[in-house]
Amino acid sequence: MTTSVRIAVDIGGTFTDIEVLDGATGLVHQFKTPSTPRDPSVGLIEGIRQASRKFGFDTAHIEQILHGTTIATNAVLERKLPDGAVLTTAGFEDVLAIGRHGRRDVYAITLSPPPPLIPRRHAFGVVERVRADGSVETALDEASVRAAAARIREAGASAVAVCFLHAYANPAHERRAGAILAEELPGVAISLSSDISLEIREYERLSTTVLNALLMPVVSVYAASLESRLREADLTRQIYLVQSNGGVSGLAKAAREPARLLLSGPSGGAAAARRLAAALDEPNLIAVDMGGTSFDISVVHQGAVATVNEGEIDGLPVRLPMVEMRTIGAGGGSIAWVDNGGRLRIGPHSAGALPGPACYGRGGLELTVTDANLILGRLDAKAFMGGAMTLDRDKAVAAAAPLARALGLSVEEVAAGVIAVINSNLSTAIRLSLFEKGLDPDDFALLSFGGAGGVHACEVADDLGVNRVIFPEHASTLSAWGILWSDITHDLTTTDIGPLEGAGEKLARHAARMTAEAERLFAEDGTPEAARELRFSLDLRYAGQAFDLPVPVDGADFSPSALAEIARRFHAVHRQRFSYDEPHTAVEMVALRLAAIGRLPKPVPSPGTSRPAGTAPMMRPVHVDGRVQDVAVFDRGGLGDQVARGPAIVSETYTSSYIPPGWNAAIASSGALIARRLA
Amino acid sequence: METIGPVRVEVIRNALVAAAEEMSLTIWRTSRSTVVREILDYSTAVFDSRGQNIAQSARIPVHLNSMSACLETLLSAHFPLDGWQDGDIVITNDPYSGGQHLPDIMTFRPVFAGETRIGFVGTLCHHVDVGGGAAGSYYAGAREIFQEGIRIPPLKLAERGVVNEAILKMVLANVRQPDETSGDLQAQIAALGIGVGAVQRIIHRYGTPDLMQAMQAILEGSERMMRAAIASLPDRTAHFVELVDDDGQTEGPIRLSVRIERQGDGIVIDFDGSSPQVQGPVNNTRAMTCSAVYYAVLAALGAEIPANSGCYRPITVRVPPGSVVDAQFPAPVTGRMVVNHRIATAVFGALAQLIPARIPAAYYAISYVYALATVEATGRRRVYFDIEVGGWGGHAGGDGASALSCGLHNNTNAPIEMVEARYPVTFTHYGLIPDSGGDGQHRGGLGLSRAFRLDADNGSLSTNFERFRHPPYGLAGGKPGSLSRTTITRADGTSISLASKVSGIAMQRGDVLTIETSGGGGWGDPAERAEEARSRDLAEGYVTR
């Protein structure tokens, strides 16, 4: 048994969650400490110190710190970004301002979209032109780059995004322009579209590059401060930051390519879901995370987390690989209201943490989902947040009263109505999330985590026809637990559009170049040979289609027979996702992708300790299907080998689970609480 | 019968919207044409047994408000309710049987609860080509609907689940890209099956009586909200006239006259005094006109109201038969959006007299549809088809949005890199047009300019544009937006200006086509514009003086 210690830290708005895997004992510990938003690294270091005292490990044994951070995300959402500039092909300076035209709110009449991240006056064109096939129509005019550099200096920009047309096909002009800018503008962050997102579609690539350029100063400053604080604290260990793709990267790469951190929030939960899918022998999981303001859905299918190659933040496209997530604005703090057509609506407004639900007694006067759960008795007024907070049922009832009057219902009927409506919102979102992938809820189990989800999960499963719900251990720090098992993941792309047939030699050349690049990154990370893994995939489509599908490639084999096998796989994937295939239509490739994975060493966790004997439940009056009845309330730690027969409640420090009539729940050997619907 | 509570109504509404969404995802997943997949020109909905639209996948306003009208016509004039069997599918694209224009093919299928027909599910897809005088079926020279493509009268495409292959063969023999049309029709058929399954899941879960009551409660809820919104309008009439350039064949302008009168909690919108139907293909049938009116009233008064047939009940639309807003068979209609957008801006213009603070100045109000056909050395034909947009009007709350898809349509642009990878063209410019937004306290959004060079030996250009003579109006003292124009600059440097609506214009290698779209109108007296706003406009180059 090694003595090494591995630590995962997930920094949220309110709490910093820490998971510790102690190689000396094989035990995994959880710890929560308040976040320090002004400098998150303060809370991180303080949390690690406290954890070391509490769990008795030596900080000198820490080998790796894996760190999930919202620093990039928040900088964009709050627009706390430096002044930037854009360098484009002359004649196309407005691509950022124009975007893709489509509007979201079909009937909106006062259309005033927010201004672009970089003002129009800071978009500069340079004389150059590359064609779609990568050939040069107009050579790069270096004088025009230097002229633009002078204007950028004048404008005082500290970050420059460079995005030329068809740079995905030939990055030479971007590279040369980047070199000139670096010469002319020392100290200014420069990001080339061909470095961060080598993909066709100029607006999406530019948007990604702009985000990356503007975040470079932000994340560099954070990385430097984190490193120096860790050095001061004598914690000079390997630090990794969690990326949107579900893996981690070293600090140097994160500072170079910070756009890869932007949608990393779901990565920890998805990594946890993937690990649980394997541990529980449930290859198909719908992972739902319900907190105070939102409900996030991700999908593990056949043991793999569903990923996509594009997402968006605050309406801005980010063309990078990321965990696929559907989010709706439905959480414990979502506010219920009656519109002037007499409809009972929930959200999208949320009471947030402040004032919070009415029952928190912090000045909230509007009825929230949490208030409705309290009114029905599904939450315990005295034992909320492990007893750290007392909930005020009278305030919840007072908040429900105006809705009761408007709808002509009793307060309890309103509360039950709020639960019914939110449950139907949640199950609808899940159904559509599976449906768009060609998947069927019947083949899945539901994995519920996040503080607010436990009281809804079984009823949502009922709506979907899902008959197993898994409540993992330590659901409130699950994201940090997932991060604990992450590996380094670099995503590399080569865009090359053309027929798949006969492309073997070209693909082999691309693969060799990408492999060399991956080796360079592995060396930068210090990943040993034995821990390196290369996974190639091809984005394919039928000739003429607008959308492509990723198809895995075995090794880097692009021989004619391997290509035939890849095409066969494509037809099969196409049939599953789109319900038809065309085996006689030519298959076109769009991009070759490489996920270069550097496996980080992990201490081996010991199997869980034997379960303590069960302690008898308390009884509490709860509204069940319109009637008040005494319901058994189990403490999760004391459930032991007992079966909680619905209606029942299983309560733990940061969450409660409601087991409705027709369901039974018990602790499985893995430590997870598993609820099953009776046949 | 016991009435169901508001909670059950809301839960069933959720499920019905999800049914429409599942149908929409099915079409997206299974269709083959880029019109559907990239431009997203399709819609799906669930209806009650009278053909009233209950729930829809919100995408394109002009589609959604029109499907219900089509189904109601089918039920009243072609297939009475008791003639629909389980598994039947009715198809049509005929503007004179409730359809829109020929490229928009609609399909409907009944939903049964036991023996009872409790409702319908429906789909509408814009197909890439339905034959006629020009590729893409936008034929500016059409004088009768017979020149616009194949007309499919209301027919049973399937009976009791068995598809009538003869109808498919007949349709596919008359279109230029039968593979894509066939694929998209299969997608529409598949989506109906998914929709029926989803609604039957609701029946299974909540029972037929609850579903039927919920559907009526949903309609009544929207109607109630719409009536309340209308009742808040001031009690006087308003009158507005919009002038459309022309029909592409004869001298314009085409006059759209609209008079709005509130009557209690209802509203009458009367087009008396509008021009007679025209020779060229910009005519609107009554159903098309209603669709634009519903959009405008809903956007102006009830953007928060769930859009369904209940919203339309308080709105009475009067159109003079044989006018450009109630064209009679066999008038051509493919370029209907030329007039359709302007019906909406006419209604907005009249409403602005009643509620000036809530209505924006006019937007560009035309779907700038263009198609460039080329023939490759191999003889392969290619059609580059695209849609441009312009600026939205200034409004009491701020400046109008620049280069945004507005009003009755809602499509995305085709990326330049995608276009160049597929068609023999090279773009030379794509940008906002300074000074194109109407001046005002709140400036109109800017139009845009898109220019590309033809790299093939020969090309043939068609455009269905507008606003070459009559710019988007300003409101409350604001100035109008800019005019649109199309220019071809020849390789030798000479240039020619094109008319707004053309087909078969010859282009040669090296010719550059420049399309300039209109900016939106301004809102409020320009003298009231804040100095900061003026200096920012100048600094950003939104204006040059």
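Bear in mind that the values in this text are calculations on the coordinates, not laboratory data. Quantities reported herein were computed from a predicted structural model and do not represent experimental measurements. Positions of Cβ are generated from backbone atoms using ideal geometry, with glycine treated the same way; all protein chains shown enter the neighbour counts.
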**Prompt:** Once whole DSSP H runs in chain B are found, which of them have Cα atoms spread over 27 Å or more along the helix axis and a mean Kyte-Doolittle score of at least 0.0?
**Reply:** B:6-30, B:178-206, B:208-231
**Item:** Cα-only Debye scattering, segment B:425-529: base-10 log of I(q)/I(0) at q = 0.11, 0.16 Å⁻¹
**Value:** -0.40, -0.71
**Prompt:** With the Cα gyration tensor of segment A:382-433 giving a ≥ b ≥ c as the square roots of its eigenvalues, does the rule (a/c under 1.5 for rounded; else a/b larger than b/c for prolate; else oblate) give rounded, prolate or oblate?
**Reply:** oblate
**Complete:** Rounded to the nearest Å, the spacing of the alpha-carbon centers of segment A:422-447 and segment B:457-483 is 46
**Item:** Cα-based radius of gyration of segment A:443-590 once divided by 2.2 N^0.38 Å, which approximates compact folds
**Value:** 1.41
**Message:** What are the ³J(HN,Hα) couplings of segment B:472-479, residue after residue, when phi is run through the Karplus curve with 6.51, -1.76, 1.60 and θ = phi - 60°? Round to Hz, x for glycine and proline.
**Reply:** x, 6, x, 10, 6, x, x, 8
**Request:** Would you mind computing the Rg to Rh ratio of chain A from its alpha-carbon coordinates, Kirkwood style for Rh?
**Result:** 0.98
**Message:** If the reach is capped at under 27 angstrom between alpha carbons, list the lysines near B:Lys169, excluding any in the same chain fewer than eight residues apart.
**Reply:** B:Lys156
**Quotient of C-alpha Rg and 2.2 N^0.38 Å, computed over segment A:87-220** = 1.07
**Request:** Rank by packing, highest mean first: peptides B:153-161, B:41-49, B:493-501, A:657-665, with packing defined as the count of other Cβ atoms within 10 Å averaged across residues.
**Result:** B:41-49, A:657-665, B:153-161, B:493-501
**Prompt:** How much of the calculated P(r) for segment A:540-600 lies past 20 Å, in percent of all Cα pairs?
**Reply:** 28
**Item:** segment A:577-679 - Rg and Dmax from Cα coordinates, angstrom
**Value:** 23.2, 66
**Asked** Which ³J(HN,Hα) values in Hz, rounded to whole numbers, follow from the phi angles of segment B:450-463 under the Karplus curve 6.51 cos²θ - 1.76 cosθ + 1.60, where θ = phi - 60° and Gly and Pro get x?
**Response** 9, 10, 9, 9, 7, 10, 9, 5, 9, x, 9, 10, 10, 9
**Asked** In segment B:95-209, what is the volume of the convex hull around the alpha carbon atoms, normalised per residue and reported in Å³?
**Response** 104
**Message:** Tell me the net charge near B:Arg236. Cut-off is 10 Å between Cβ atoms, B:Arg236 excluded, with +1 for each Lys or Arg and -1 for each Asp or Glu.
**Reply:** -1
**Request:** Enter the Cα centre distance for the pair segment A:108-161 and segment A:265-333, rounded to the nearest angstrom.
**Result:** 35
**Asked** Which of the pairs A:Lys382/A:Lys602; A:Lys253/A:Lys506; A:Lys32/A:Lys382; A:Lys80/A:Lys437; A:Lys54/A:Lys602; A:Lys253/A:Lys602 have their Cα atoms more than 32 Å apart in this structure?
**Response** A:Lys382/A:Lys602; A:Lys80/A:Lys437
**Prompt:** With contacts defined as alpha carbon pairs under 8 Å and 6 or more residues apart, what's the relative contact order of chain A in percent?
**Reply:** 12
**Item:** Of every Cα-Cα pair in segment B:187-332, the percent that sits beyond 27 Å
**Value:** 42
**Prompt:** In whole Å, what are the Cα extents of segment A:344-491 along the three principal axes, biggest one first?
**Reply:** 52, 33, 27
**Prompt:** Under the Karplus relation 6.51 cos²θ - 1.76 cosθ + 1.60, θ = phi - 60°, what is the ordered set of whole-Hz ³J(HN,Hα) values for segment A:437-443, x standing for Gly and Pro?
**Reply:** 9, x, 10, 10, x, 3, 8
**Item:** Along each principal axis, Cα extent of the protein assembly as shown, largest first, Å
**Value:** 90, 80, 67
**Prompt:** At 222 nm, what helix-only mean residue ellipticity would the protein assembly as shown give, in deg cm²/dmol to the nearest 500, using -39500 (n - 2.57) for each DSSP H run of four or more?
**Reply:** -9500 deg cm²/dmol
**Asked** When each pair of different Cα atoms in segment A:320-414 is counted once in the 1/r mean, what is the Kirkwood radius in angstroms, to one decimal?
**Response** 14.0
**Asked** How much net charge surrounds A:Leu365 when only the other residues with a Cβ under 13 Å from the Cβ of A:Leu365 are counted, with Lys and Arg +1 and Asp and Glu -1?
**Response** -2
**Complete:** Short to long, in 10 Å steps from zero, the percent of alpha-carbon pairs of segment A:430-507 per bin is 14, 27, 26, 16, 15, 2
**Kirkwood hydrodynamic radius over Cα pairs of segment A:90-167, then Stokes diffusion coefficient at 10 °C and 1.306 mPa s, in µm²/s** = 107
**Request:** Evaluate segment B:106-161: find the radius of gyration of its Cα atoms, find its Kirkwood radius, and give the ratio Rg to Rh.
**Result:** 1.17
**Item:** Overall dimensions of segment A:153-255 as given by Cα atoms, namely Rg and Dmax in Å
**Value:** 15.6, 48
**Request:** Return the percentage of antiparallel bridges among DSSP beta bridges fully within segment A:1-78, rounded to the nearest 5 %.
**Result:** 70
**Message:** Translational diffusion coefficient of segment B:351-436 at 25 °C, 0.890 mPa s, Stokes-Einstein with Kirkwood Rh over Cα pairs, in µm²/s as a whole number.
**Reply:** 158
**Item:** Euclidean distance of C-alpha centroids, segment A:348-389 and segment B:217-283, integer Å
**Value:** 49
**Complete:** In nm², the average projected area of the convex hull spanned by the Cα atoms of segment B:1-158 is 10.5
**Message:** Tell me which DSSP H helices of chain A clear both cut-offs, 24 Å or more of axial length from alpha-carbon atoms and a mean Kyte-Doolittle hydropathy of at least 0.5.
**Reply:** A:411-435
**Item:** Long-range HN-HN contacts of B:Gln249 with modeled amide H, under 5 Å
**Value:** B:Gly280
**Prompt:** Taking segment A:38-111 on its own, what percent of its Cα-Cα pair distances exceed 17 Å?
**Reply:** 72
**Request:** Return the long-range amide H neighbours of A:Asp496 (sequence gap of 5 or more, or a different chain), with a cut-off of under 5 Å between placed amide H atoms.
**Result:** A:Ala591, A:Leu592
**Item:** DSSP beta bridge pairing in chain A, given as percent antiparallel to the nearest 5
**Value:** 70
**Asked** So what's the convex hull volume per residue for the Cα atoms of segment A:497-576, in Å³?
**Response** 114
**√(5λ) per eigenvalue of the Cα gyration tensor, segment A:525-636, largest first, Å** = 50, 28, 11
**Fill in**
Rg/Rh of chain B (Cα atoms, Kirkwood Rh), to two decimals, equals 0.97
